Amino acid sequence: MTKVGALEFADYGIRVNSVHPGLIDTPMTQDENNAASLAEFAKAIPLKRAARPEEVTNLVLYLASDDSSYSTGSEFVIDGGSSPF
């Protein structure tokens, strides 16, 4: 969908990209019932931790800015290196 959207809207000057986050450290993931399983999951992430929300926010802000004006039709993975696994 990202690539089709980018092709369809390019003539209108609209860029289409997508963000694919992995584990994010949020109140939902900090629930004490999930703590042990999430700690185990984080060990399997190459960077050995969950992302901070602001790390994902910074990527989205970059994509919304003119600094990324030549980026369209791209999938931006922000998962600490987990996707190859």
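The values are calculated or read from the model by the stated rules, or taken from the named source; none is laboratory data. Quantities reported herein were computed from a predicted structural model and do not represent experimental measurements. A quick note on method: Cβ atoms are made from the backbone with ideal geometry, for glycine too, and the neighbour counts reach across all protein chains shown.
Computed values, structure above
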quantity: Qualifying positions in the range 25-80 - charged (D, E, K, R), in contact (Cβ under 8 Å) with a residue 40 or more places away in the chain and within 30 Å of TYR12 (Cβ to Cβ); calculated: GLU75
quantity: Extreme residue, farthest from SER82 (Cα to Cα), among residues of the range 12-38 that are hydrophobic (A, V, I, L, M, F, W, C) and at pLDDT 95 or above; calculated: ILE14
quantity: Scan of the range 33-85 for residues that are of a type in the set (Asp, Glu) and in contact with a Ser or Thr (Cβ under 9 Å, 6 or more places away or on another chain), ordered by number; calculated: GLU75
quantity: Search result, residues across the range 21-38 that are part of a loop (DSSP other than H, G, I, E, B) and more than 16 Å from VAL77 (Cβ to Cβ); calculated: ASP25, THR26, PRO27, MET28, THR29, GLN30, ASP31, GLU32, ASN33, ASN34
quantity: Matching option when the condition is in a helix (DSSP H, G or I) and either modelled with pLDDT of 95 or more or hydroxyl-bearing (Ser, Thr, Tyr) (or both), among PHE41, PHE76, PHE9; calculated: PHE9
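This table checks each residue for (1) of a type in the set (Lys, Arg); (2) surrounded by 16 or more Cβ atoms within 10 Å (Cβ to Cβ).
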| position | (1), (2) |
| --- | --- |
| LYS3 | yes, no |
| PHE9 | no, no |
| GLY22 | no, yes |
| THR29 | no, no |
| GLU40 | no, no |
| ARG52 | yes, no |
| THR57 | no, no |
| LEU61 | no, no |
| PRO84 | no, no |
